[in-house]
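Undergrad: Pasting a structure here, questions to come.
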Amino acid sequence: MSIKSDKWIRERARLGMIEPFSEKQVREGCISYGLSSYGYDLRVSNEFKIFTNVNSAIIDPKAFDERSFVTVEADSVIVPPNSFALARSIEYFRIPRDVLTICVGKSTYARCGIIVNVTPFEPEWEGFVTLEISNTTPLPAKVYANEGLCQILFFQSDEECETSYADRAGKYQGQTGIVLPKL
């Protein structure tokens with residue numbers, strides 16, 4: 001398995017792996033996004049679900065209560081101290097059968113105590129990415145829509161997987177918005 005370069009990512013993006021696709025790193029006046037040397041910095045959309053405990057709900061991945069979140073559409077959002085938000089990517093991904101991705105946070109946000117968690121994109125997964133944004137600080141933290149949030153690293157195997165995410169009819173296949181936990 002090898003990490004893939006900007007040239008490989010650009011070639012695959014032209015085949016529809018990432019839409020919309022920014023051919024270069026966009027940095028002017030924003031938290032950078034787009035193609036980098038060995039990855040792609042995705043942008044967060046303006047759709048957010050902010051965690052709240054107003055309804056005294058319990059977080060249960062087997063019976064998730066949507067009242068645990070407040071839905072916000074805005075150019076930026078404030079993530080409460082020691083809390084988190086869900087968001088979605090602007091980019092739609094179509095992962096090839098011989099590729100696995102890993103997501104890592106951007107240093108600009110990490111230096112502010114904001115951690116981004118995204119599970120790997122498995123072979124043949126496709127959709128908008130649901131992003132978990134954790135504010136690990138005791139202060140409110142601001143996150144900007146339409147700017148970079150995290151970097152996707154692409155790893156290509158020397159052979160295709162035997163069973164892909166699509167073959168298993170994965171429950172998060174083809175997601176179009178912020179998708180909450182499913183059983």
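Undergrad: How many of the residues in region 1-33 are under 18 Å from Arg88 (Cα atoms), out of contact with any Leu (no Cβ under 9 Å at 6 or more places or on another chain) and either among the polar types (S, T, N, Q) or part of a strand (DSSP E or B) (or both)?
TA: The total comes to 2.
Undergrad: Could you tell me which numbered condition Ser36 fails, if it satisfies all but one of (1) under 14 Å from Ile152 (Cα atoms); (2) under 15 Å from the mean Cα position of the chain (by Cα)?
TA: Only one criterion in (1) under 14 Å from Ile152 (Cα atoms); (2) under 15 Å from the mean Cα position of the chain (by Cα) is unmet by Ser36, namely (2).
Undergrad: Go through Ile152, Ile114 for me and flag whichever is under 15 Å from Leu42 (Cα atoms) and either among the β-branched types (Val, Ile, Thr) or over 17 Å from the mean Cα position of the chain (by Cα) (or both).
TA: Matching residue, one of Ile152, Ile114: Ile152.
Undergrad: Write out, first by first residue and then by second, each pair whose Cβ atoms fall under 6 Å of each other, whose residues are 6+ apart or on separate chains, and whose first residue, in region 104-127, is of a type in the set (Gly, Ala, Ser) while the second is crowded, with 20+ Cβ neighbours inside 10 Å.
TA: Pairs found: Gly105/Val116; Gly105/Cys150.
Undergrad: So which residues in region 132-150 are surrounded by fewer than 21 Cβ atoms within 10 Å (Cβ to Cβ), part of a strand (DSSP E or B) and not small (Gly, Ala, Ser)?
TA: Across region 132-150, the qualifying residues are Glu132, Lys142, Tyr144.
Undergrad: Anything in region 66-96 that is loosely packed, with under 15 Cβ neighbours inside 10 Å, over 22 Å from Arg27 (Cβ atoms) and charged (D, E, K, R)? List them, or say none.
TA: Glu66, Arg67, Glu73
Each reported figure results from applying straightforward, stated rules to the coordinates on display, with no laboratory input. Fair warning: this is a prediction, and the values are worked out from it, not measured in the lab. In this analysis, Cβ positions are derived from the backbone assuming ideal geometry, glycine residues included, and neighbour counts consider all displayed protein chains.
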